[in-house]
Amino acid sequence: MIQLSAHHVWYLIMAAQWTVLLSLVAFAGGALVGLPIALMRVSPSHALRIVASGYIQLIQGTPLLILLFLTYFGLGILGYKLAPLVAAGLALTLYAAAFLGEIWRGCIEAVPRTQWEASDCLGLDRFQQYAYVILPQAVRLAIPPTVGFMVQIVKNTSLASVVGFVELARAGQIVNNSTFEPFIIFCIVAAIYFAMCYPLSLASRVLERRANAGRANH
Amino acid sequence: MLYKFDFSFLLEKWPAFLNGAWLTIQLTVLSIALGFVVGTLCAVARVYGGRVLRLLVGFYVELIRNTPLLVQIFIVYFGLSSVGLKLSAETSAVIALVVNMGAYTTEIMRAGIQSIHHTQLEAADCLGLTRVQTILHVVLLPAIERVYPALSSQFVLLMLASSITSQISAEELTAVANNVQSDTYRSFEVYIIVAAIYLALSLLYRLAFKAIGLIIFERRRRLGTAL
Amino acid sequence: MQAAPTTSATVVQVTGVVKEFGTLRVLDGVSLDVARGQTVAIVGRSGSGKSTLLRCIAGLETIQAGKIEICGHEVGRPGKAARAQLRHDVGMVFQGYNLFPHLTVERNITLALTLVKKQPKDEARKKAAEVLRLVGLTDKISSYPEQLSGGQQQRVAIARSLALSPQVMLFDEVTSALDPELTAEVLAVMEDLATRGMTMITVTHEMGFARKVANQVVFMHRGKIWESGPTSELFARPQTAEFKQFISSEL
């Protein structure tokens, strides 16, 4: 049994970089897939709405861990052996896309009906309405909850440890396997997660307050 | 390469899935109930308590909400046993889930409690009700009714998050899936089945909460209107 | 100012009360006596301090100087017993009725009876039926507040306070939030109460009601009692320019 040292703590902090990387991948992927999902949810086409809604319900009704197992073990059996980072990135992307899609749909729908009517009366077609009037306003509404959801993404990267990806949680397990001080180690791991997540949580609340103040002045 | 789906393992393994699902239900129903109580007490402390109490609850909520459930579970299961408190996997799972649920419930219930207009409290005060009586009879039920959708969603999320307890070998549904998968090598089928079971459980829980809502919110049941 | 000796006939005694919200002085040395069975109407413009005075008497606001006594007990003394005594003696009806929306009319009334007065359920229900009869809403006993009109809700609010058998009832602009058609039914209930001998202090804009029902009228201006006296005299012979102006603007 090795003594827990500053070396180990440094190892943990370094592993946190992979947490950050995976979080960014998940967010980027989730945003890329999530925006079309959100747009599909509000589209006039019944079929598109059903598909998007079905996707969201499916993902939101399944544990992320199962999703992860499906992409890592499941796809592996099908012949597509993915590296843990890729599998985790894929699973988190699908997961984030569903939640971001739902959040952003809410923000699009929160833009007052009157904005649609006004832009329609000015002669803008649907694409122009979205691009110049609706989405810019929806984006402003979306920033606080999206930043808030980033916190969920960062926390959920911890599950990638289950498929062997060495991010912060896995690093904690590795250090524990050689030093056997689970209480201290995992408290340190928790502290590092807290250091990453709390600023995001704070930012989300500050942005929310500012957004509400702005809206009150209209 | 066309994959041959083979669900035949179900014929032999279905009791295992049932047991796993049953343990998931037991774990989560207990955690939801206890977590709700903890959360409500903390929310009351947060809104009506003194400065120290409010700060303590604030710390608790922020700590839990900004750290992953997986790490919280590890601290309870591995961490506590290393300092002398040896708990079973199921007990650790419940403790971690209750602590987690409590933090999220606190925030939701806090919003509910604060939505009760202060004039309601004034009226109760003028009628001679004590603080505790006011909270119990005038504040809590309307507060719960106001935030019931958010509460229900959070409860379902907890049920889904319970899959993480498989990592400390609690024999719930996800752990069963892992076991069957390693026995039969039918990973895809196994996890699809389990995903379907979780979806079914989500639906079941939502319906159950709706029914509970109809029972406890008498006014809503009779009039059909929102508070 | 020397306080008048308290007799059992004086239910409310206010002496030199000062109330400040931060640096703003809302009540500037207010003194008032209310004898048993009297109805006092407090009138004045918004910001004159009349609602604040009522809330101080009800114990909802703390005072910075002066003394308020209800049935010989001092309001604002610390301690649970003192507070309970105040709640026992004083009933308050608010502008916004403040009924509990999640409870039926009956439960709204029986709640305090069972919890505070520790009455058994049947006794409480009997009392509820009795006070609802007094305000003319017997058929609404199982309704929820949202099913009632504003005037009906206010009458239930009066019944709710009445059920606790207070020594004095306070009314804080109870008809101001109501449509004119609904005001009459509430004023009728209040008039009936006065006839039955309830001691009442009401802050009101309803000059007709004040003239007809109140024994004493108090005109407040800028945190002070500007004029006060028996109703007929006060309206017939206004002394100050402010009160004269007030009367003419209210007509």
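The values are calculated or read from the model by the stated rules, or taken from the named source; none is laboratory data. Just so it is clear, the structure is predicted and the values come from calculations on it, not from any experiment. Glycine gets a Cβ as well: all are built from the backbone with ideal geometry, and neighbour counts include every protein chain shown.
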Do we have B:Ala43 as in a helix (DSSP H, G or I), more than 13 Å from chain A (Cβ to nearest Cβ) and crowded, with 17+ Cβ neighbours inside 10 Å here? yes
Odd one out for C:His73 among (1) crowded, with 17+ Cβ neighbours inside 10 Å; (2) at pLDDT below 95; (3) touching a Leu at 6+ places or on another chain (Cβ under 9 Å): (1)
Name the residues in the stretch C:189-233 that are more than 18 Å from C:Ala163 (Cα to Cα) and in a helix (DSSP H, G or I), would you? C:Met207, C:Gly208, C:Phe209, C:Ala210, C:Arg211, C:Lys212, C:Val213, C:Thr231, C:Ser232, C:Glu233
Determine which member of the set A:Ser161, A:Ser201 is surrounded by fewer than 18 Cβ atoms within 10 Å (Cβ to Cβ) and within 9 Å of chain B (Cβ to nearest Cβ). A:Ser201
What's the number of the condition A:Gly54 fails, among (1) surrounded by 14 or more Cβ atoms within 10 Å (Cβ to Cβ); (2) without any contact (Cβ under 8 Å) to a residue 60 or more places away in the chain; (3) assigned to a helix (DSSP H, G or I); (4) within 14 Å of chain B (Cβ to nearest Cβ)? (1)
Kindly indicate which of C:Met190, C:Met169 is buried (at least 21 other Cβ atoms within 10 Å of the Cβ), in contact with a helix residue (DSSP H, G or I) (Cβ under 8 Å, 6 or more places away or on another chain) and within 17 Å of C:Glu206 (Cα to Cα). C:Met190
Taking C:Arg36 as the residue in question, decide whether it is within 13 Å of another protein chain (Cβ to nearest Cβ), out of contact with any Asp or Glu (no Cβ under 8 Å at 6 or more places or on another chain) and either closer than 19 Å to C:Gln167 by Cα or among the acidic types (Asp, Glu) (or both). no
Wholly enclosed helices (runs of 4 or more DSSP H) of the stretch B:55-147 bearing at least 2 residues facing another protein chain (nearest Cβ under 10 Å): B:69-74, B:118-126, B:131-134
Go through the residues of the stretch B:195-202 one by one and say whether even a single one is buried (at least 23 other Cβ atoms within 10 Å of the Cβ), of a type outside the set (Ser, Thr, Tyr) and in contact (Cβ under 8 Å) with a residue 24 or more places away in the chain. no
Does B:Ile192 qualify as being crowded, with 19+ Cβ neighbours inside 10 Å, in a helix (DSSP H, G or I) and within 12 Å of chain A (Cβ to nearest Cβ)? no
Applying the selection to the stretch C:99-123, what residues are part of a loop (DSSP other than H, G, I, E, B) and away from every other protein chain (no Cβ under 13 Å)? C:Pro120
Quick test for you: out of A:Glu109, A:Glu117, pick the one residue that is closer than 28 Å to A:Arg209 by Cβ, among the charged types (D, E, K, R) and either within 14 Å of another protein chain (Cβ to nearest Cβ) or in a helix (DSSP H, G or I) (or both). A:Glu109
In the stretch C:81-98, what count of residues is obtained for those that are at the interface with chain B (Cβ under 8 Å from one of its Cβ atoms) and either charged (D, E, K, R) or part of a loop (DSSP other than H, G, I, E, B) (or both)? 4
Does C:Lys126 satisfy the condition of being basic (Lys, Arg) and either touching a Pro at 6+ places or on another chain (Cβ under 9 Å) or outside any helix (DSSP H, G or I) (or both)? no
